[in-house]
Amino acid sequence: MAERKTISLMEGWTFTGPEGTKQQVNLPHTWNAQDGQDGGDDYFRGTCVYEKEIPKPKFQDGERVYLQFHGVNASAHVLLNGKKVCSHHNGYSTFRADVTKKLKENNLLRVEVDNSKNERVYPQVADFTFYGGIYREVEFLIVSENHFDLDYFGGPGMKISTDVKGTDGIVTVQTYLTCAAAKPSQGADDEPEESLTVELSLKDAEGNTVAQSKGAKAVFKVEQAHLWNGVKDPYLYQVTASLKRGEELLDQITSACGIRTFSVDPDRGFFLNGISYPLRGVSRHQDYKGIGNAISREQMEQDMELIREVGANTIRLAHYQHSQYFYDLCDRYGMVVWAEIPYISAHMPGGKKNTLFQMKELITQNYNHPCIVTWGLSNEITISGKHRKDMLDHHRKLQKYVKRLDPGRLTTLACYAMCHPFHPVSKISDLVAWNLYLGWYVPGLFLNDLFLKFYHWKYPKRCLGYSEYGAEGMPNLHSGKPRRGDQTEEYQAKYHEYMLECFARHPFLWSTYVWNMFDFAADARDQGGEPGMNHKGLVTFDRKIKKDSFYIYKAWWSEEPFIHLCGKRYEYRTEQITDVTVYTNQQEVSLYQNGKKIEVKKGSHAFHFKVELEQENHLEVRSGELKDEAVIYRTDTPRPEYKVKKGKSKNWV
């Protein structure tokens, strides 16, 4: 036995839904793809059942068969032929069970999936939909009975740490084994039984062997190491671990390896490999319109392409563990990652063990990813003021727990907007950040500057970031005089123009994350005329429309030459003199109206023009060979569809 074998179990499931009706489904699947996105805060939260008849997979004596799930939300109770296999209480992580001895010639696999309300499993209260279902891959994994460990919190059986000494890279590799005659011993440095050997090798991106050794643990010195350098040069080595008996290969695993260092300075922000590297990026939820969280790898790749296009160099993967494939994409493309657990909105005394469990799985399963630099302890945990002392004590415990699990990375925490700067919870983690919507929920964009100046003055040794900021923007709502709360595409763009200028005035910020890269489902919401949605994304829920605000970020962050004329969807205007806005990373813009050059402006990022409208206006903007255009019309009657309809407007909290 040399090669691990996987047998996909994605097709041909019988799903028993909320009403007890049965239907045939393929995975990935969620039962909340529709009712979790339509508003009303009434999507089904309870237990549904997935069943599948499975023939006994082919395997040899001396092999083990694992059942492997990559994401079942939120609690899973797995039975094979009526006998319990395992239970798992984390809707966002990988879990496995050895089912070798439970298999028959014909098998019935039953998975009872529960996303019901309780006070034990996070998340329970938050501004996003908790989709129920088996929404990531499921498979049989067949391995030798002697193999790299698969039983420790869903981890890969190998732990890789890196450091840099001068121009040399230091790669420390520790492997963990499950042997036929012994129990797995994750955390120990024991070598395998005498007849078994572990061989470790490190290869560069071209496949050349850089270093190799024998033994379950090795420390490799890589001379003149090629560093993982973010989006500029995300260079990856590859570590391979081979388990052998003599010359017979029993098991083999590989992992990408990025050699890098990072640090954070309270005055100068984030450093990657000793060089200033301000983290400026976006947050991401994993759902799509009409699909929920049951997304494909192709859709993950689409998300990454859009994030790369906007020019971000960091992603906050909120508010839970994301797919391993997306962390792999972040490694590959150089996205620095803030990873976190869904310890969110309210401290539940009955959920403390679950936060430790989810953090253990998050770190164990993602330790080897060079993209991750910080573990998020919690998000907006002070929304509920209950159990304050217990909440603070638990955060201190969680902080120590994370530092014990991973002393090489930093911890962070996202504070609620109403959490004042003096709150003790903001002083527990290594780094801190705030979710602030000053200029959106609260009037006064200038308050962002005041907060940043005050905090940095009061706590000059604390590293501060903006973990969330944003404004709702509906691509079908428009105004010639945009104002806070109108939900228009124009106000969202105006807001983000200010925030980018604000951050430039405060370079000490270690990170900033737009909330959000994409619109996402929050079934408790009813805003912008489309219930069940949070519309703060730079891109719409279906990924089809890049809002104008997308392009102000591209103007600041991207090196790809472009020019964008805003307001194309604001086609009919009543104002005699209208504002025309252009976003570009070029230094000069020319504006044409109906073939006539109106004005040329020099500047950066955002260019604002005043144009006296004719009845029909063919507008064109140019910068060198770059151009963009739109047609807008002057009308005497305001378009009612440009204004959000009056009525109830409900936030989630």
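The values are calculated or read from the model by the stated rules, or taken from the named source; none is laboratory data. This one's a predicted model, so the numbers in the text were calculated from it and none came from an experiment. Cβ atoms come from the backbone with ideal geometry, glycine included; neighbour counts cover every protein chain shown. With ligands, DNA and RNA removed, areas are computed over all heavy atoms of the protein, side chains included. Shrake-Rupley method; radii C 1.70, N 1.55, O 1.52, S 1.80 Å.
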Formal net charge of residues neighbouring THR488 (Cβ-Cβ distance under 11 Å; K, R +1; D, E -1)
+2
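Tell me, what is the percent relative contact order of segment 369-451, built from C-alpha pairs under 8 Å that lie six or more residues apart?
30 percent.
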As a test of the formula, what do you get for the chain when each DSSP H run with n ≥ 4 contributes -39,500 (n - 2.57) and the sum is divided by the residue count, at 222 nm and rounded to the nearest 500 deg cm²/dmol?
-4500 deg cm²/dmol
Looking at the chain, identify the longest residue range that excludes and avoids all trypsin sites (Lys or Arg not before Pro) in DSSP loops having at most 12 other Cβ atoms within 10 Å.
118-385
Could you grab the relative contact order for the chain? Cα pairs under 8 Å, six or more apart, rounded to a whole percent.
12
Would you mind counting up the charge near ASP251? Only other residues with Cβ under 12 Å from its Cβ, with Lys and Arg at +1 and Asp and Glu at -1.
-1
Multiply the residue separation of GLU51 and ARG505 by 0.36 nm, subtract the distance between their alpha-carbon atoms, and state the gained length in nm to one decimal.
157.8 nm
Charges at C-beta only: +1 for Lys and Arg, -1 for Asp and Glu. How large is the resulting dipole of the chain about its Cα centre, in Debye rounded to 20?
1840
For segment 390-508, size of Cβ-based charge dipole, Lys and Arg +1, Asp and Glu -1, in debye
680
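What percent antiparallel are the DSSP beta bridges of segment 282-377, to the nearest 5?
Values: 1 of 12 bridges.
Bridges in segment 282-377 that DSSP calls antiparallel: roughly 10 percent.
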Close lysine pairs (segment 35-121; alpha-carbon distance under 15 Å; 8 or more apart or on separate chains) counted at 14
Fully extended, how many nm does the chain gain between GLN302 and SER87 (0.36 nm per residue separation, minus their Cα-Cα distance)?
74.1 nm
For the chain, with all protein chains present and a 1.4 Å probe, just round the carbon and sulfur fraction of the accessible area to a whole percent.
49
The farthest towards the positive end of the charge dipole of the chain, of the residues THR16, LEU272, GLN593, given +1 on Cβ of Lys and Arg and -1 on Cβ of Asp and Glu, is LEU272
Whole number in Å², please: accessible area per residue of the chain, 1.4 Å probe, ligands, DNA and RNA not counted.
41
What list of ³J(HN,Hα) couplings, whole Hz, do you get for segment 470-476 from phi and the Karplus terms 6.51, -1.76, 1.60, once you set θ to phi - 60° and write x for glycine and proline?
x, 8, 5, x, 9, x, 9
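So if each residue of separation counts as 0.36 nm, and I subtract the Cα-Cα distance between LYS568 and LYS403, what length gain in nm does that give? It would help to have the intermediate numbers written out before the result.
Values: separation 165, 0.36 × 165 = 59.40 nm, distance 5.00 nm.
So the extension gain works out to 54.4 nm.
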Write out the cysteines belonging to the chain for which the nearest other cysteine Cβ is not under 4.7 Å, or none if no such cysteine exists.
CYS48, CYS86, CYS179, CYS257, CYS463, CYS502, CYS566
Considering only DSSP beta bridges with both partners in the chain, what is the antiparallel share in %, to the nearest 5?
80
Eligible lysines near LYS597 by straight Cα distance, threshold 22 Å, same-chain separation 8 or greater:
LYS568, LYS610, LYS627
In Å and on Cα atoms, what radius of gyration and Dmax does segment 381-431 show?
11.4, 33
